[in-house]
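Read the structure below first, then the notes.
The values are calculated or read from the model by the stated rules, or taken from the named source; none is laboratory data. Since we're looking at a predicted model, the values are computed, not measured. Ideal geometry is used to build each Cβ from the backbone, glycine not excepted, and the neighbour counts take in all protein chains shown. Accessible surface is based on the protein model in full, side chains and every heavy atom, while ligands, DNA and RNA are left aside. Shrake-Rupley method; radii C 1.70, N 1.55, O 1.52, S 1.80 Å.
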Amino acid sequence: MKGPYSKVALILLVILAVAVISFFHANMIVKREMKHSAEYSLDKIESHISAISHAIISLPYNPNCPLSLQREYANLTYENEEVRALGVVEESSGSWSACSIFGPVNSKEQYWQGDQFADLFLGWSKHTDYFPETSFVISIQEGERHSFAYVNPRRMVGSWIAPRLDFADYEIRLPNQREQRASMARHNDHETWFGAPVRQQVTSQAYGFDITLTTAYSTVIRRACVYFLRGLLLVTFIGFTIWMLSTPYALLKAKSIRDQL
């Protein structure tokens, strides 16, 4: 009776070991993939911000904002598909005036909110008169003038960082503007029935923004199940191979003992 029980215990112990190894391996792999994707996305966004900031340096400006200048802004916007609008804002005595593809605008209301990095400004537009959602703003300051580009935030977490992980949600936030964000949510099932969601975050050293990737813990569980089945198949194959190789040896040994008797 001792032999069969010991064999069952050994099989259960092997299955448990495969399950534990599969879980920790899946957790490590998912986090590593998310970390690599976050770092890759960070590099891509930084390169796009740098390219756009160089493109808007010394945009032409006329305080009268003639139709010819508006057309020039429109042509530049068309040539640079990464932006949705271009223009120049000029501040004067507590108010501001702007000329862009939308024509001249004058106001005293705050037009942007964001963070200043030397002569570069990154933030969010305060107005949604021309687009259904707020725009991400990239601006270069030249004296009292600010040459700016508006970017669709969905592009930032879309084509800018493609290819993305199909199991993770992406979110971008500026350091001092935590209430505003650009996000791409593919999954809304961040189950808490087995652990909190898995997160990986990286921060831009050049521009200060954060990229956070989030996925449900069920992603780790599903991945662990795949690794568990693969592990069982591998262990079964190894055990079967050992049995096949040892069987002829055991038969020869038994025959030798019979011959000696």
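Does region 38-58 contain at least one residue that is under 30 Å from G231 (Cβ atoms), open to solvent by less than 70 Å² (accessible area, probe 1.4 Å) and touching a Leu at 6+ places or on another chain (Cβ under 9 Å)?
Yes, region 38-58 has at least one match.
Of everything in region 204-237, what is assigned to a helix (DSSP H, G or I) and farther than 19 Å from V20 by Cα? Give them in sequence order. So that I can check it myself, show each step before the final result.
Going through region 204-237, the residues assigned to a helix (DSSP H, G or I) turn out to be 217-237.
Selection gives F237 alone.
Could you list all residues from region 142-156 that are touching a helix residue (DSSP H, G or I) at 6+ places or on another chain (Cβ under 9 Å) and surrounded by fewer than 17 Cβ atoms within 10 Å (Cβ to Cβ)?
The answer is none; no residue qualifies.
Would you check which residues across region 127-155 are touching a Phe, Trp or Tyr at 6+ places or on another chain (Cβ under 6 Å) and farther than 21 Å from W96 by Cβ and list them?
P153
Within region 6-22, is there a residue that is more than 20 Å from A224 (Cβ to Cβ), touching a helix residue (DSSP H, G or I) at 6+ places or on another chain (Cβ under 8 Å) and open to solvent by 40 Å² or more (accessible area, probe 1.4 Å)?
No, that holds for no residue.
Kindly establish whether A162 is open to solvent by less than 50 Å² (accessible area, probe 1.4 Å) and either modelled with pLDDT under 90 or within 30 Å of Y217 (Cα to Cα) (or both).
Considered against the rule, which asks whether it is open to solvent by less than 50 Å² (accessible area, probe 1.4 Å) and either modelled with pLDDT under 90 or within 30 Å of Y217 (Cα to Cα) (or both), A162 comes out as yes.
Kindly provide the set of residues from region 69-101 that are over 17 Å from Y111 (Cα atoms), polar (S, T, N, Q) and touching a strand residue (DSSP E or B) at 6+ places or on another chain (Cβ under 8 Å), ordered by number.
Result: Q70, T77, N80.
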